[in-house]
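Enquirer: Got a structure for you, written out below as structure tokens; questions coming shortly.
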Amino acid sequence: MEAWRRNLYVLCGALFVVMMGMSMIMPFLPLYIQQDFGVEDPHEVTAWAGVIFGANFLTAGLVSPIWGNLADKYGRKIMILRSGYFMSVIIAATGFANSLWMLLGLRLLNGMVGGIIPASTALVASSTPKEQIGWAQGLLQSFITAGSIMGPLFGGLLEPRIGFRMIFVVTGCLLLLATLVITFTVKETFVPPGEKERTSLRDDFRMIFSSKKLPVLFFVTVMIQFALFSIIPILPVYIGILLGSAGNVALWAGIVQAAMGTANVLAAPRLGRFGDRFGSQKVLLGCLLAAGLLFIPQGFVTAVWQLVVLRFLLGLSLGGLLPSVNALLRRATPTHMVSRVYGYNNSFVSIGSMLGPMIGGFMAGYVSINGVFWMTSAFLLINAGWVYFSFFRKKEVLQEGT
């Protein structure tokens, strides 16, 4: 088997385990705050959930360019291992937090040392033939999403038996296991860059933002993440309202997440291959339009099964978003700068992922939960307009980097 394929398949399996562990607890963060920290006011719960969920992305966004610069100098695999081992310890320790402020601090620290997914994405992007980059990124994304499917289901089943705190410990163990697998199976042939290609963070910033294509894609990334993560803090609360006093909220939240994730897994590799053949920008535009329209009826549902169906349809369209952005980034980036570009893009992922749950949580608490869905729809449709203006109206097509 070719080395790039072997690395891709190993990373797919490892990130599946990582995301399964990490998603066992994060979708239930509002319930964790209610039950283990005694916060009863719904407004306060959604506000704290938004801040704590977004804190991880604040520090991740600040340090991602630094990790990307180091990865281009010393290798992508070492960045994966650094992230995996440190995160496994910090996430396990999070289960022993005795206050919301300590929980917030550990989330900030986790974001600072994190980055296993962008480092893996960069390793795959740097070694995969460019004519197959869309398929490879779609496959990687599908396994990441598959882990996100299994996590909430396992979390919903484990919580009544071991409690939310022990789920953090289990997650840390799963991260450690996945990192050990990567340590002994992923092989990277890394050639250190020459002196002319060794640049400072200031030089990286100047080169990247002088490009016509990369800042556009960064903005698209922010909008995608903002729209998608704005729902995270309020979804369990919304499901609880739909269920009333009957039903297991944690289990149904897992089912809703699983429906969307299953569709994403099915769609991502196929949409990635479609993008390789016909243009990733076309896939990106179509998926943004579909996703934006599908968020509107989610604010009007009256039963959980309706939400499950709509989230499944949404998952089909989401499968083409980030893989298309990652493929377009790779085609616009020289090989020796891949990790730096993905590092900057991860900063913008973090910005959107931080602002989304914070603003969504506050909006749900002080305006309405239904309004969060409609706000999300508006942002996705605006994003679709920006993509059309940037890649179609101007007749610009991303050219492959060298």
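Enquirer: Looking at 364, 327, 378, which one is at pLDDT 80 or above, open to solvent by 10 Å² or more (accessible area, probe 1.4 Å) and small (Gly, Ala, Ser)?
Expert: None of the other options fit; the residue is 378.
Enquirer: Kindly indicate which of 353, 347 is open to solvent by less than 20 Å² (accessible area, probe 1.4 Å) and at pLDDT 80 or above. Please lay out each step first, then the result.
Expert: Details: 353 fails: at pLDDT 80 or above.
Criteria check complete, one pass: 347.
Enquirer: Considering only region 199-207, I want to know if a residue exists there that is modelled with pLDDT under 80, outside any helix (DSSP H, G or I) and within 22 Å of residue 73 (Cα to Cα).
Expert: The answer is yes, given that some residue of region 199-207 is modelled with pLDDT under 80, outside any helix (DSSP H, G or I) and within 22 Å of residue 73 (Cα to Cα).
Enquirer: Can you name the residue in region 1-23 that is open to solvent by 20 Å² or more (accessible area, probe 1.4 Å), under 21 Å from the mean Cα position of the chain (by Cα) and not aromatic (Phe, Trp, Tyr) and, of all such residues, is nearest to residue 125 (Cα to Cα)?
Expert: Of everything passing the filter in region 1-23, 10 is nearest to residue 125 (Cα to Cα).
Enquirer: Right, another one. Condition first: of a type outside the set (Phe, Trp, Tyr), open to solvent by 20 Å² or more (accessible area, probe 1.4 Å) and closer than 20 Å to residue 369 by Cα. Now tell me which residues in region 300-313 satisfy that. Steps first, please.
Expert: So in region 300-313, the residues of a type outside the set (Phe, Trp, Tyr) come out as 301-304, 306-311, 313.
Imposing the further condition that a residue be open to solvent by 20 Å² or more (accessible area, probe 1.4 Å) reduces the set to 302-303, 306, 308-310, 313.
Passing the criteria: 302, 303, 306, 308, 309, 310.
Enquirer: Tell me, please, whether a residue that is part of a helix (DSSP H, G or I) and open to solvent by 40 Å² or more (accessible area, probe 1.4 Å) can be found in region 24-33.
Expert: Checked against the condition, which is being part of a helix (DSSP H, G or I) and open to solvent by 40 Å² or more (accessible area, probe 1.4 Å), region 24-33 yields no hits at all.
Enquirer: A further question follows. Quick one: how many residues across region 101-131 are open to solvent by less than 20 Å² (accessible area, probe 1.4 Å), under 18 Å from residue 168 (Cα atoms) and of a type in the set (Val, Ile, Thr)?
Expert: 1
Enquirer: Sticking with this structure for a sec: Between residues in region 354-377 that are hydroxyl-bearing (Ser, Thr, Tyr) and residues that are surrounded by fewer than 24 Cβ atoms within 10 Å (Cβ to Cβ), which pairs lie under 6 Å by C-beta distance while being six or more apart or on different chains?
Expert: Every condition considered, the pairs that remain are 377/292; 377/296.
The rows are residues; the columns are (1) assigned to a helix (DSSP H, G or I); (2) of a type in the set (Gly, Ala, Ser); (3) in contact with a His (Cβ under 8 Å, 6 or more places away or on another chain).
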position: 234; (1), (2), (3): yes, no, no
position: 258; (1), (2), (3): yes, yes, no
position: 264; (1), (2), (3): yes, no, no
position: 282; (1), (2), (3): yes, no, no
position: 292; (1), (2), (3): yes, yes, no
position: 302; (1), (2), (3): no, no, no
position: 308; (1), (2), (3): yes, no, no
position: 316; (1), (2), (3): yes, no, no
position: 326; (1), (2), (3): yes, no, no
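Enquirer: Can you confirm whether region 219-242 contains a residue that is without any contact (Cβ under 8 Å) to a residue 24 or more places away in the chain, under 26 Å from residue 50 (Cα atoms) and open to solvent by 10 Å² or more (accessible area, probe 1.4 Å)?
Expert: Yes; the residues of region 219-242 include at least one that is without any contact (Cβ under 8 Å) to a residue 24 or more places away in the chain, under 26 Å from residue 50 (Cα atoms) and open to solvent by 10 Å² or more (accessible area, probe 1.4 Å).
Enquirer: Please find, among 316, 322, the residue that is open to solvent by 10 Å² or more (accessible area, probe 1.4 Å), modelled with pLDDT of 85 or more and farther than 21 Å from residue 28 by Cβ.
Expert: Details: 322 fails: modelled with pLDDT of 85 or more.
Only one candidate passes the filter, namely 316.
The values are calculated or read from the model by the stated rules, or taken from the named source; none is laboratory data. The shown structure was predicted, so the numbers you read here are calculated from the model rather than taken from an experiment. As a convention, Cβ positions derive from the backbone with ideal geometry for all residues, glycine included, and neighbour counts pool all protein chains shown. The protein model used for the area step is the full one, side chains on, heavy atoms only, and it has no ligands, DNA or RNA in it. Shrake-Rupley method; radii C 1.70, N 1.55, O 1.52, S 1.80 Å.
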